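Okay, structure first, notes after.
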Amino acid sequence: QVQLVESGGGLVQPGGSLRLSCAASGIIFNIYTMGWYRQAPGKQRELVARITDSGHTNYAGSVKGRFTISRDNAKNTVYLQMNSLKPEDTAVYYCSAGSIITTDYWGQGTQVTISS
């Protein structure tokens, strides 16, 4: 049974930081491309960042320079370090596992709220 369990969400003031974690089980973690997506109310789910099995990363333009995705294959965990947070970063953040062109599995999501 595949599980992707996100943690680390919460309420932060603008300019603050959060680190999201996603612990995976039931998959051969180190062969998957792992990603973070987000969905704000009334909007479509969008890609935030992705890291391939070989460590190549790509980011949405809106978060480039502020967010960093990383993975620890020994812990079957992917991280999203989020700095300089803005109100428009408020969303439910989802972890994903798949390939460059497909998403095979989703986590349940974690709420991130940026507000003063």
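The values are calculated or read from the model by the stated rules, or taken from the named source; none is laboratory data. If you're wondering where the values come from, they're calculated on a predicted model, not measured in any experiment. As a convention, Cβ positions derive from the backbone with ideal geometry for all residues, glycine included, and neighbour counts pool all protein chains shown. Surface areas here come from the heavy atoms of the whole protein model, side chains and all, with no ligands, DNA or RNA. Shrake-Rupley method; radii C 1.70, N 1.55, O 1.52, S 1.80 Å.
Read phi for every residue in the range 94-107 and hand back ³J(HN,Hα) as whole Hz from Karplus 6.51 cos²θ - 1.76 cosθ + 1.60, θ = phi - 60°, with x for Gly and Pro.
Coupling constants for the range 94-107: 10, 8, 9, 9, x, 10, 4, 10, 9, 10, 8, 9, 10, x Hz.
For the range 1-24 and the range 52-67, what is the centre-to-centre distance using only Cα atoms, to the nearest Å?
Comparing the Cα centres of the range 1-24 and the range 52-67, I get a distance of 16 Å.
Using a 1.4 Å probe, what is the accessible area per residue for the range 8-116, in Å²?
Roughly 50 Å² per residue, with all protein chains present.
Pull up the cross-link candidates among the aspartates and glutamates for LYS86, meaning alpha carbon to alpha carbon under 19 Å and not fewer than 8 places away within one chain.
Within the straight-line cut-off, LYS86 pairs with GLU46.
Please give the net charge around ALA23, taking every other residue with its beta carbon less than 14 angstrom from that of ALA23, where Lys and Arg add +1 and Asp and Glu add -1. The partial results should precede the final answer.
Numbers: positive: ARG19, ARG71, LYS75; negative: GLU6, ASP72.
Counting the neighbours of ALA23, the net charge comes to +1.
Count charges around SER70 for me, please; just the other residues with Cβ under 13 Å from its Cβ, Lys/Arg as +1, Asp/Glu as -1.
Details: positive: ARG19, ARG50, ARG71, LYS75; negative: ASP72.
Combined, the nearby Lys, Arg, Asp and Glu give +3.
If packing is taken as the average number of other Cβ atoms within 10 Å across a peptide's residues, how do 32-40, 54-62 rank, most packed first?
32-40, 54-62
Along the range 3-12, what does the Karplus equation 6.51 cos²θ - 1.76 cosθ + 1.60 (θ = phi - 60°) give for ³J(HN,Hα), rounded to whole Hz, x for Gly and Pro?
9, 10, 10, 8, 8, x, x, x, 9, 9
Could you tell me the calculated FRET efficiency between LYS43 and THR102, based on Cβ-Cβ distance and R0 = 25 angstrom, to the nearest 0.05?
With R0 = 25 Å, the Cβ-Cβ based efficiency is 0.70.
Taking 0.36 nm per residue of separation and subtracting the Cα-Cα distance, what length does fully extending THR113 through ASP53 add?
Going from the current span to full extension adds 18.6 nm.
Roughly speaking, what is the centre-to-centre gap between the range 33-49 and the range 69-116 when only Cα atoms are used, to the nearest Å?
8 Å
May I ask you to evaluate 6.51 cos²θ - 1.76 cosθ + 1.60, the Karplus curve with θ = phi - 60°, for each residue of the range 32-45 and list the ³J(HN,Hα) values in order in whole Hz, giving x for glycine and proline?
These are the phi-based 3J(HN,Hα) values: 9, 7, 10, x, 10, 10, 9, 9, 8, x, x, 10, 6, 5 Hz.
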